[in-house]
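Single-structure report; data block below.
The values are calculated or read from the model by the stated rules, or taken from the named source; none is laboratory data. Keep in mind it's a predicted model, so treat the numbers as computed, not measured. We place every Cβ from the backbone using ideal geometry, glycine too, and count neighbours over all the protein chains shown. Protein only, heavy atoms only, side chains kept; ligands, DNA and RNA dropped before computing areas. Shrake-Rupley method; radii C 1.70, N 1.55, O 1.52, S 1.80 Å.
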Amino acid sequence: MDFQLTDDQAALRDGARDLLTGRFGPERLRAAVGAPVPDRGLWRELAAAGFLAVRLPEAAGGVGLGLPEAVLVCEEAGRALLPGPLVAGQLLAGAVDGVATGERLAALCDGAADPVLCEFPDACAEVVVLDRGAPGRAAGAYRCAPGAVTRAPFASVDPLTPLARLTGYPRTAPLPALDVPRLYREAALLTAAEQLGSAARTVEAAVAYARQRTQFGAPIGSFQAVKHLCAGMLVRAELARAAVYAAAVTGDALDIAGAKLLADEAAVRNARDCLQVHGGMGFTWEAEVHLHLKRAWLRAERWCRAREAEERLADALAG
Amino acid sequence: MDLACTEEEEDFRAGLRAWLAKVLPALPPKPAATDWPGRRAYDTAWQRMLYDAGYAGLHWPVAAGGRGATPTQHLIFLEETERAGAPYVGANFVGLLHAGPTIAAEGTAAQRARWLPPILRGEEIWCQGFSEPDAGSDLAALRTRAVRDGDDYVVTGSKIWTSHAEVADWCELLVRTDPAAPRHRGISWLAMPMDAPGVTVRPLRTLAGSAEFAEVFLDEVRIPAAHRVGAEHDGWRVTMVTLSFERGTAFVGEVVACRRVLAGLARAARANGRWDDAVLRRRLGRLNAEFAALWRLTQWNVSAAQRSGGVPGAGGSVFKLRYSHARQELYDAAAEVLGGDALDADHPWVADRLSALSYTIAAGTSQIQRNIVAERILGLPKGR
C-alpha cells in the first residue's frame, strides 16, 4: 500500500500550481474581484493544459487520467481561488460540445436544491440540471434549451462567483451516457477537493502572517493562543486531505459524503481562523481571507450539504 | 495514491488471519481488570504465542531480534488483531513500544542481548519512569537524582503515572546525573530492576476508579552504571530518538475498535427510540466520517513512514490531536444514546467514557501537541 502521491501525481500537482501561480497571481485575482466574469483567454489556456479534459480518454482528445488526478487539479484551483465553473467543466467535458476545450462554459445545477442555483449565469452558454429522480420521475441530466431558461440573478456573497436562482428550466431529453448518481457523487468530491485546497492555503496564509506581524515586541506566532489556532487549522486540513484522497481512490458514495463533510468543515473553519489571526486586517476587503471564507460557504451549500452527508453517514451505521 | 495492498501484503494478512482463527478460540478467559498478576500472566502468555508464531517485534529491526516488517505490514497486524478480538499489547506496551526500541537503537551489544529477547518472548515487563510530580509536560524539569558511587548510581526521587509498575521487572528511568548542566544535558537513561532495595510502588487510583498507574518512590536505590543506555548525561536525546514511536501507531487498533463501538451506538439508538432524534443521528453520522477519516489518515501517515524508511513523522501529533478529541466525542454521544443508563458506572461505554478523559492528557497533552505541530511542522517561532 502506498497512499502517498505517485511521482506523476506530484508532478501534475506542481505543474497545476505553477501554471496558476504564473497566470492567476494576486493582481489577476484582484482584477477578477472587480469584474467577476471568467477570463475566457485564461480558461482556454487552462483547458489546453488539460484542466477540463483531465479524465476524458486520450482517444477523445483528453488527458486520460482518473479521479485522483482530477481531485489534485481541483485542489490547486481551490488554493488559487480560481473563478469559473471548473467542476461542471470537468464533469461535462466530452458530454457537451466545446466544454473540454474551454470554448464554451457550462453550468451544472442540482435540481434537488432549493433554490436551484446556477453559477456564472451570464457566461454559461449551457445549463445542465441534475434531476436525481423521484417516484414517478426518472433521474436524468437535462440540458436546458439556452433561450428557454429563466434566471433571477442576485448579489452573490462570493465576489468571485456570480449566482442566479433558476426560475424556469424546461427540460429537453436527458443527456445520454451520463450516470446521474455518479455525476452527483463526483461533483461533491471535486467540490470537496476545492475546499481542501482552500483549507490548506488559509493555513499557510495564517502562518505567514503570524510570523511577520509583531505585537508586544514579538511575532504574534510566538504566542500560544495564535499558535494553537494555526495547529488546529493544520489538523483540519490534513484530516480532510486523507478523507478526500481516499474517496478519490475508492469513488465510494459514503467515502465521498464523509470527505465533503470534513472538507467543508476544514475550509469554512480554517478561513474563519485565518481571519481571526489576521485581526483587523482580516476584516478588510483588501485582504484575501474573506474570499476564501465566502467561496467556502458557497461550496458548502453545493453538492451534498452537511445535513445530507450526516444523515447518509448515520444511515450507513448498523444499517 | 493507492490503498490496495500488494500481493505480499495480502499474503501476510491471510497468514495472520489463519493463525488468529486457530489460536484465539483456545485462549483462556480475560482476567478481571483488578487482577494484576492475572493480567500480567495473560499479557505475557499472549506475547509468547506471538513470539512462537514469528509475530513478536514485527516492527523491530532484524538486528534487534525483530522481523523488520514494513510499516504497512505492521498496520495490517494491528488492524487484523483488533478485528479478530485478539488481546491488546497490555503490560508489554512499554517494553515493545519504547524501552525495547530505545535499547535497540542506543544500547550496546551486551545490553541488547540481555534485555531485548525477554521482551520479545514475553518474559519481562517494563514500565516507564519519566514523569514526576513537578515534571509533567515539562519533562526536562525532572529532579530524581543519580549520584555516581563506584560502579553504581545511587538514585533518590519519585516518579508518577507509571503504568504497570506493580507487575514490572524493569523500569526505564530518566534521572538527573548533572544538576549543574543545562536542563536537557544533565539527564541519563537507566534500566532499573523493580525489585531493587529502596523501590516503593504505591498504586494511584484514577477518576475511572481503576489503579492502572502508580507512584514510584526511590530511596537511595543502587543501579549498576552498566545499566545506563547511551552516554552519561545524554539521556534526553536517547529518549527522544524513539518517543515519537509511541505516537506513530499506538492508536491504530483503537480506531478500528471505535468504529465498532460507533456501529453499536447506532444499533442501541435504533432499539431504544433515540434514533428519531435528528440531532443525535447527525452527530453519529459526523462521527462516522471522523473515524473513517482517522483510519485514512493512519494509512497516509504509514505510507509516509514507509517512504522515509520507517521513521514516523510529526504526522503522529496531527493524528493524536484529532483522535483523542474524537474518542471523547464518541463516548459523549454514547451517553446521549444511553440516557439514564449513562449513570451506570459498570456499563462498558461509561467506563470507556471515563478512561477517554485521559486521552487529551497522556503521552503529550493536546496543548503540548499543538505546540509541536505549530513549531515543528508549521515553523512558528518558539515562545511562551
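Scan the stretch A:242-256 for residues that are within 15 Å of the chain's Cα centre (by Cα) and within 7 Å of chain B (Cβ to nearest Cβ) and jot them down.
A:245, A:248
Return yes when residue B:352 is away from chain A (no Cβ under 13 Å), more than 20 Å from residue B:82 (Cβ to Cβ) and open to solvent by 10 Å² or more (accessible area, probe 1.4 Å) and no when it is not.
When the stated conditions are applied, residue B:352 does not pass them.
Give me the pairs: first residue in the stretch A:292-319 and over 16 Å from residue B:281 (Cα atoms), second residue assigned to a loop (DSSP other than H, G, I, E, B) and of a type in the set (Val, Ile, Thr), beta-carbon distance under 9 Å, and six or more apart or on different chains, which are they?
A:294/A:157; A:294/A:161; A:295/A:161; A:297/A:157; A:298/A:157; A:298/A:161
Have a look at A:265, A:286, A:238 and point out the one that is modelled with pLDDT of 95 or more, more than 7 Å from every other protein chain (Cβ to nearest Cβ) and either out of contact with any helix residue (DSSP H, G or I) (no Cβ under 7 Å at 6 or more places or on another chain) or closer than 30 Å to residue B:281 by Cβ (or both).
Exactly one of A:265, A:286, A:238 is modelled with pLDDT of 95 or more, more than 7 Å from every other protein chain (Cβ to nearest Cβ) and either out of contact with any helix residue (DSSP H, G or I) (no Cβ under 7 Å at 6 or more places or on another chain) or closer than 30 Å to residue B:281 by Cβ (or both), namely A:265.
Residues of the stretch A:144-177 being under 27 Å from residue A:296 (Cα atoms), part of a strand (DSSP E or B) and in contact (Cβ under 8 Å) with a residue 24 or more places away in the chain, which ones?
If the condition is that a residue be under 27 Å from residue A:296 (Cα atoms), part of a strand (DSSP E or B) and in contact (Cβ under 8 Å) with a residue 24 or more places away in the chain, then A:151, A:153, A:163, A:164, A:165, A:166 are the ones that fit.
List every residue pair whose Cβ atoms lie under 6 Å apart, where the two residues are 6 or more positions apart in sequence or sit on different chains, the first residue falls within the stretch B:149-160 and is over 19 Å from residue B:139 (Cβ atoms), and the second residue, located anywhere, is among the basic types (Lys, Arg).
B:152/B:222; B:154/B:222
What number goes with the only condition from (1) free of Cβ contacts under 8 Å to residues at least 60 places away in the same chain; (2) open to solvent by 30 Å² or more (accessible area, probe 1.4 Å); (3) assigned by TED's automatic domain parsing to the domain that holds residue B:263; (4) closer than 30 Å to residue B:132 by Cβ that residue B:347 does not pass?
Here residue B:347 meets the rest and fails (4).
Taking the stretch B:184-211 as the region of interest, how many residues are at negative phi, in contact (Cβ under 8 Å) with a residue 60 or more places away in the chain and of a type in the set (Gly, Ala, Ser)?
Summing the residues that are at negative phi, in contact (Cβ under 8 Å) with a residue 60 or more places away in the chain and of a type in the set (Gly, Ala, Ser) in the stretch B:184-211 gives 4.
Kindly indicate whether residue A:73 is under 18 Å from the mean Cα position of the chain (by Cα) and modelled with pLDDT under 95.
no
Please pick out the residue among A:117, A:91, A:46, A:105 that is under 17 Å from the mean Cα position of the chain (by Cα), closer than 21 Å to residue A:141 by Cα, more than 14 Å from chain B (Cβ to nearest Cβ) and open to solvent by less than 10 Å² (accessible area, probe 1.4 Å).
Result: A:105 is the single residue among A:117, A:91, A:46, A:105 that is under 17 Å from the mean Cα position of the chain (by Cα), closer than 21 Å to residue A:141 by Cα, more than 14 Å from chain B (Cβ to nearest Cβ) and open to solvent by less than 10 Å² (accessible area, probe 1.4 Å).
Go through the stretch B:59-107 and count every residue that is outside any helix (DSSP H, G or I) and in contact with a strand residue (DSSP E or B) (Cβ under 8 Å, 6 or more places away or on another chain).
Residues in the stretch B:59-107 being outside any helix (DSSP H, G or I) and in contact with a strand residue (DSSP E or B) (Cβ under 8 Å, 6 or more places away or on another chain): 1 in total.
Only one of these is more than 20 Å from the chain's Cα centre (by Cα) and crowded, with 21+ Cβ neighbours inside 10 Å: A:239, A:317, A:262, A:234. Name it.
Result: A:317 is the single residue among A:239, A:317, A:262, A:234 that is more than 20 Å from the chain's Cα centre (by Cα) and crowded, with 21+ Cβ neighbours inside 10 Å.
Give me the pairs, please: first residue somewhere in the stretch A:104-122 and of a type in the set (D, E, K, R), second residue anywhere and part of a loop (DSSP other than H, G, I, E, B) and crowded, with 23+ Cβ neighbours inside 10 Å, beta-carbon distance under 7 Å, and either six or more positions apart or on two chains.
From residues that are of a type in the set (D, E, K, R), the pairs are A:110/A:303; A:119/A:85.
Within the stretch B:126-146, can you find the residues that are of a type in the set (D, E, K, R) and in contact (Cβ under 8 Å) with a residue 12 or more places away in the chain?
B:132, B:143, B:145
Just to verify a result, which residue in the stretch B:368-378, among those that are open to solvent by 30 Å² or more (accessible area, probe 1.4 Å) and more than 7 Å from chain A (Cβ to nearest Cβ), is modelled with the lowest pLDDT?
By that ranking, first place goes to B:376.
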